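The values are calculated or read from the model by the stated rules, or taken from the named source; none is laboratory data. Because the structure is a prediction, the values reported are computed rather than measured. Here Cβ is always computed from backbone atoms with ideal geometry, including for glycine, and neighbour counts include all displayed protein chains.
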Amino acid sequence: MERTLVLLKPDSVQRRLVGRILARLEDKGFSIIAMKMMRVSRELARRHYAEHVAKDWYPELEAFVTGAPLVAAIVEGPQAIRVVREMVGATNGLNAAPGSIRGDFSSSRQMNLVHASDGPAAAHREIGTFFQTDEIHSYEATIRPWLRAPTED
């Protein structure tokens, strides 16, 4: 099982899309093993987006992500990092494939609704940035035998 961080950004919350986006992840068979609504501080934004802080467009990103609450979640399941990123779609909603979250709900590069970790190292770091160990509740879903064959990992 693999874990990834998913942030339902302030535009998801303001547009009341949180439930619809989470439902898509659960419909795919992923488990939500941690979740909280929170307000991102400037310090947390800078830690999360550390590689972008020096870029000229960063202040606009920081204002966006700190401007209203977001929902942070840890999603767990087979190949979660790759599959969730494919479900989220291309960064710019205008370029995202129909059927993806951004393709169906976004028409912006910045207001693109969702962040999903882009690899195992990022997922590990980002999960640790947003969650304490005691906030994570992994479990075996009783539906698991109906989602994948026992020989599939």
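I want to confirm something. Restricting to region 39-70 and keeping residues that are small (Gly, Ala, Ser) and assigned to a helix (DSSP H, G or I), which single residue is farthest from Val13 (Cα to Cα)?
First pass over region 39-70, keeping only residues small (Gly, Ala, Ser): 41, 45, 50, 54, 63, 67-68.
From the residues that got through so far, the ones that are assigned to a helix (DSSP H, G or I) too are 45, 50, 63.
Details: Ala45: 17, Ala50: 24, Ala63: 16 Å.
Taking the candidates together, the pick is Ala50.
If you scan region 57-77, which residues turn out to be farther than 21 Å from Glu135 by Cα and either in contact with a Phe, Trp or Tyr (Cβ under 6 Å, 6 or more places away or on another chain) or not hydroxyl-bearing (Ser, Thr, Tyr) (or both)?
First pass over region 57-77, keeping only residues farther than 21 Å from Glu135 by Cα: 57-68.
The answer is Trp57, Pro59, Glu60, Leu61, Glu62, Ala63, Phe64, Val65, Gly67, Ala68.
Looking at Asp27, Asp11, can you tell me which residue is crowded, with 19+ Cβ neighbours inside 10 Å, modelled with pLDDT of 95 or more and out of contact with any Asp or Glu (no Cβ under 7 Å at 6 or more places or on another chain)?
Asp11
Here are the criteria: (1) surrounded by 19 or more Cβ atoms within 10 Å (Cβ to Cβ); (2) in contact with a strand residue (DSSP E or B) (Cβ under 8 Å, 6 or more places away or on another chain); (3) in a helix (DSSP H, G or I). Tell me which single one Val75 does not satisfy.
Result: Val75 passes all but (3).
Considering each of Thr133, Thr129 in turn, give the residue that is touching a Lys or Arg at 6+ places or on another chain (Cβ under 7 Å), hydroxyl-bearing (Ser, Thr, Tyr) and at pLDDT 95 or above.
Values: Thr133 fails: touching a Lys or Arg at 6+ places or on another chain (Cβ under 7 Å).
Of Thr133, Thr129, the one residue that is touching a Lys or Arg at 6+ places or on another chain (Cβ under 7 Å), hydroxyl-bearing (Ser, Thr, Tyr) and at pLDDT 95 or above is Thr129.
Go through region 2-38 and count every residue that is in a loop (DSSP other than H, G, I, E, B) and touching a strand residue (DSSP E or B) at 6+ places or on another chain (Cβ under 8 Å).
Filtering region 2-38 down to residues in a loop (DSSP other than H, G, I, E, B) leaves 9, 15-17, 28-30.
Next, only the ones that are touching a strand residue (DSSP E or B) at 6+ places or on another chain (Cβ under 8 Å) stay: 9, 17, 28-30.
Of the residues in region 2-38, 5 are in a loop (DSSP other than H, G, I, E, B) and touching a strand residue (DSSP E or B) at 6+ places or on another chain (Cβ under 8 Å).
Tell me, which residue of region 78-96 that is closer than 19 Å to Ser107 by Cβ and in contact (Cβ under 8 Å) with a residue 24 or more places away in the chain is surrounded by the most Cβ atoms within 10 Å (Cβ to Cβ)?
The initial filter retains those residues of region 78-96 that are closer than 19 Å to Ser107 by Cβ, namely 87-96.
Next, only the ones that are in contact (Cβ under 8 Å) with a residue 24 or more places away in the chain stay: 87-88.
Values: Met87: 21, Val88: 23.
Result: Val88.
Looking at region 37-50, I want the residues that are under 17 Å from Val6 (Cβ atoms) and have a partner that is assigned to a loop (DSSP other than H, G, I, E, B) and modelled with pLDDT of 95 or more with Cβ atoms under 6 Å, at least 6 apart or on another chain. Which pairs are those?
Met37/Pro69
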